[in-house]
Amino acid sequence: MSEKLQKLLDTQGWILTDGATGTNLFNMGLEAGEAPEMWNDWHPDRIAKLYQGAVDAGSDMFLTNSFGGNAARLKLHNAQSRARELSRIAAEIGREVADKAGREVIVAGSMGPTGDIMLPVGTLSHADAVEIFEEQATGLMEGGADVLWVETISAPEEYAAAAEAIGNIGAPWCGTMSFDTAGRTMMGVTSNGMVEMINGMDNKPFAFGANCGVGASDLLRTILGMAAANPDRPLIAKGNAGIPKYVDGHIHYNGTPELMADYAVLARDCGASFIGGCCGTMPEHLAAMRKSLEATQKGDKPDLAVIAERMGGFSSEDDGTAGKPAETRTRRRRRD
């Protein structure tokens, strides 16, 4: 199925992915603490609407509503036995939406982190992580996903477990990590560290990169760092729509469609081929990004001053590649 990805890249030089899952579903009535994956069963019409919003906005690809659909995450909702089923349904709904689009639209099976910390720091073993990811991956491919999409990973050990699990079923995949303050993941991986990790893997992803994080400026700096390490495969940039603000009891992202349109062009200039949004990114953002990418020729690689001027300042002076130690933090994250 990776041939579909390569064909799109060969045709237009870039692929527009989708935006937020959580933000859009909260707008449809999802309650805080509720598992979005249960909606694949309870409200398939709303999940189809989520996917359709990305397609109508011009996305070449959308991610399934299965970010937290692994057994470890679903255990928090006493639904761990449904991991394969709920992931399959998420992909089935996506397959139906994509097949009626009238153009090539790729269904990417989203696979988020387990939420557990792996040995020796935590309690999750490599074998158990592989089993968890393989169960979900199997369900997604059974449902008709074109490619598996591992995202928002912080630990290299968990990324490796997902890669092995996907290799066990012979599926194509892409994978991103989330880089926070000082350009590192929560477990200390830097942009060039990720490139080194990918280079040493047996089952390499078709494309890799960064998603979520603390803002568009930081994410673009991370993409620049990856590009500078001369990767031999496409890069992914999936940044948040601005910075989150707590307003009237809800989280809002301040990124406008105009800002995200500018971000999309900068992401391509930085070296990304897969370009999309993460938390806070709505269909109106995606439509503006599509228009901007189509109307603007690829430019020179921007320097940090240009990125800061157009996207806002960075969260830290250092991007993590200068060898400075970073504090390791532990928290759970959802693709909002």
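The values are calculated or read from the model by the stated rules, or taken from the named source; none is laboratory data. All values derive from a computational prediction rather than experimental measurement. Neighbour counts are summed over all protein chains in view; Cβ atoms, including those assigned to glycine, are modelled from backbone coordinates with ideal geometry. Protein only, heavy atoms only, side chains kept; ligands, DNA and RNA dropped before computing areas. Shrake-Rupley method; radii C 1.70, N 1.55, O 1.52, S 1.80 Å.
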Just to check I understand the Karplus step: with θ = phi - 60° and J = 6.51 cos²θ - 1.76 cosθ + 1.60, what whole-Hz values come out for segment 146-157, glycine and proline as x? 7, 8, 9, 10, 7, 9, 6, 8, 10, 9, x, 5
Taking every DSSP beta bridge that has both residues in segment 2-311, what percent is antiparallel when rounded to the nearest 5? 15
Ranked order, 159, 253 - accessible area, probe 1.4 Å, largest first: 253, 159
Using a simple spin-label model with points 7 Å from Cα along the Cα→Cβ vector, what separation in nm is obtained for residue 131 and residue 80? 1.0
Please state the shape class of the chain: rounded when a/c is under 1.5, otherwise prolate if a/b exceeds b/c and oblate if not, all from the C-alpha gyration tensor. rounded
Cα-Cα pairs in segment 44-132 separated by more than 21 Å, as a whole percent of all pairs, come to 39
Please give the FRET efficiency for residue 303 paired with residue 199, using the beta carbon to beta carbon distance and R0 = 30 Å, rounded to the nearest 0.05. 0.70
Estimated inter-spin distance, residue 6 and residue 28, nm [label 7 Å along Cα→Cβ]: 3.4
Reachable lysines from residue 301, criterion Cα separation under 22 angstrom, eight or more residues apart if same chain: 238, 291
Write down the Kirkwood hydrodynamic radius of segment 102-146, to one decimal in angstroms, obtained as one divided by the mean of 1/r over all alpha carbon pairs. 12.2
Return the aspartates and glutamates within reach of residue 204: Cα separation strictly under 12 angstrom, same-chain partners fewer than 8 residues apart disregarded; answer none if there are no such residues. 164, 196, 232
Please give every one of the aspartates and glutamates within straight-line cross-link reach of residue 4, meaning a C-alpha to C-alpha distance under 14 Å, and leave out same-chain neighbours fewer than 8 residues apart. 60, 99, 104, 146
